[in-house]
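One structure is given below, encoded as structure tokens.
The values are calculated or read from the model by the stated rules, or taken from the named source; none is laboratory data. The structure presented is a predicted model; accordingly, all values stated were derived computationally and were not measured. Don't worry about glycine lacking a Cβ; one is built from the backbone with ideal geometry, like all the others, and counts go over all protein chains shown.
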């Protein structure tokens, strides 16, 4: 897989490029992410498949401490773990064979990449990006804020991970935060 960091420019909230291309990167598909995911498989049953910001996958024998993995999406044993600092949210995936009655972990059926062009409060020109896990009733089960200027979770890496877990993957675009709030009032935390 090619290293996107070489081609990635620092996202400047005032730059014209970030204004025009805020969703171009989200929609571009990189077939190398799917190929890399296939190359990492088959994994051992106890392995952790980790999607790091920037779209890099790695396989590990154990999940690192929160200070070592500030943001990541982790697949392990049929579950997804959304890691953001010390906050870690585990959800079951359709690929998990555990019966619904036997676990307290909610079943997530969809990953949603949300891109909001402008914030409702200053600095208004800084975009917001979220990775959200929902169930079939569209209830929010977990989320990661991966807004610029930090590294993002590209669609080209999230889609193959969602497919591997048996989940849907979609993107939603909004021009302003209030439009997102109106579209998903139950997702507000």
For the range 95-102, check the following and say yes or no: at least one residue is at pLDDT 90 or above, touching a strand residue (DSSP E or B) at 6+ places or on another chain (Cβ under 9 Å) and crowded, with 19+ Cβ neighbours inside 10 Å. no
Selection within the range 134-153 - in contact (Cβ under 8 Å) with a residue 60 or more places away in the chain and either more than 18 Å from residue 83 (Cα to Cα) or surrounded by fewer than 16 Cβ atoms within 10 Å (Cβ to Cβ) (or both): 145, 149, 150
Taking the condition touching a helix residue (DSSP H, G or I) at 6+ places or on another chain (Cβ under 7 Å) and over 23 Å from residue 85 (Cβ atoms), does residue 109 pass? no
Given the criteria at pLDDT 85 or above, over 16 Å from residue 143 (Cβ atoms), in a strand (DSSP E or B) and in contact with a strand residue (DSSP E or B) (Cβ under 7 Å, 6 or more places away or on another chain), does residue 50 qualify? yes
Single residue of 114, 74, 121 found to be more than 14 Å from residue 162 (Cα to Cα) and surrounded by 19 or more Cβ atoms within 10 Å (Cβ to Cβ): 114
